[in-house]
Structure formats: C-alpha cells, structure tokens
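The values are calculated or read from the model by the stated rules, or taken from the named source; none is laboratory data. None of these values were measured; they are calculated from a predicted model. All Cβ positions, glycine included, derive from the backbone under ideal geometry; neighbour counts span all protein chains shown.
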Amino acid sequence: MAYGDTHPQGAHRACVAPSMSSTAEVSRQVAQCVDIARGAADESARIAQSFAHLAAATERIAGVVALINDIANQTNLLALNAAIAAPRNCEAAARDRQHAVADAAPATRNIIRLNAERERLAPAGSMPGVAAQPQREARGSEEDVEQSSAWERAD
C-alpha cells in the first residue's frame, strides 16, 4: 500500500490530484468558450457595421430614386405642355403662311404682269433659254396666288 492510501492527508492528495486536472480542463474549456464568445461578439459588431453601411446606401438610393421621380414628373409636365402648345403653334404657323402668301400675292401678280409684258416684247423663241426659266417660275407663282386666294375665301 502506498503512503497516500493509508494516510488521511495522502487520501486528500489523491482526491485533489484528479480534481486539479479536471480544474485545468474546465479552465481550458472556459477559456475556449470565452474565445468563442469574443469571436461571436466581433462577428456581431461586423454585421452591425454592415447593416449600418447598408442603411446608409439605402438612404442614398432612395434619394436618387426620388430625384429620378422628380425628373420624370418634370419631363411628363414638359411633354404635356408641348402636346398642348403644338396644335396652337401649327394653327398660328398656318395663319402666318396664309397671310404671307396673301401679302405676296399683289407682288406676284405684278411679276406675272411684267413677265407677260416681257414675253410680249421678247417672245420665248427669240432668246433661247433666257425666257424659259422665268416662264416656269411665273406659272408656279400663279398657282400659289390661286391657292392663296382660295385660302382667303376659306377664312
């Protein structure tokens, strides 16, 4: 028998020795748990920081979307205004053209009269090539005057 087996103090040592090794094991496990907890806390902090960055990015995106909506609304308003103004502008341009043609009609008639006078004085065959162009232009002007007169009657 060993000394520790019979001696009460030895029995205590025999009991303490296994308990010391289990205390060391418990300490090691506690330290491992602490490391795991610290890792989890660090990971939680990183996740929280990621969420904060996502929240900031979401706010910036929302601002951009709001700006795009404002631009789209402005564009729709401009398109609507253009659609309303276009018929008015076309009507005004048509009236302006009618007035311009009507204002030019007396001068066009005068040119036609002068061209007829020139034709009387120098017939088309007497000066080849010279009289042909003014005659074609005069015929086109006559058609414009006739159309202008029709528009004036329509007004």
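What about ARG136, is it modelled with pLDDT of 85 or more, in a helix (DSSP H, G or I) and more than 46 Å from the chain's Cα centre (by Cα)? Talk me through it step by step, then tell me what you get.
On the way: modelled with pLDDT of 85 or more: no; in a helix (DSSP H, G or I): yes; more than 46 Å from the chain's Cα centre (by Cα): yes.
No.
Yes/no matrix, rows are residues, columns are (1) part of a helix (DSSP H, G or I); (2) among the basic types (Lys, Arg); (3) over 34 Å from the mean Cα position of the chain (by Cα); (4) modelled with pLDDT under 85:
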position: ALA45; (1), (2), (3), (4): yes, no, yes, no
position: ALA57; (1), (2), (3), (4): yes, no, no, no
position: ILE61; (1), (2), (3), (4): yes, no, no, no
position: ASN81; (1), (2), (3), (4): yes, no, no, no
position: PRO123; (1), (2), (3), (4): no, no, yes, yes
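Condition first: surrounded by fewer than 10 Cβ atoms within 10 Å (Cβ to Cβ) and of a type in the set (D, E, K, R). Now tell me which residues in the stretch 65-109 satisfy that.
ARG88, the sole residue that qualifies.
Quick one: in the stretch 110-121, which of the residues that are of a type outside the set (Asp, Glu) and modelled with pLDDT under 80 is surrounded by the most Cβ atoms within 10 Å (Cβ to Cβ)? Talk me through it step by step, then tell me what you get.
Taking the stretch 110-121 first, the residues of a type outside the set (Asp, Glu) are 110-116, 118, 120-121.
Those left that are additionally modelled with pLDDT under 80: 118, 120-121.
Values: ARG118: 16, ARG120: 8, LEU121: 8.
The residue in question is ARG118.
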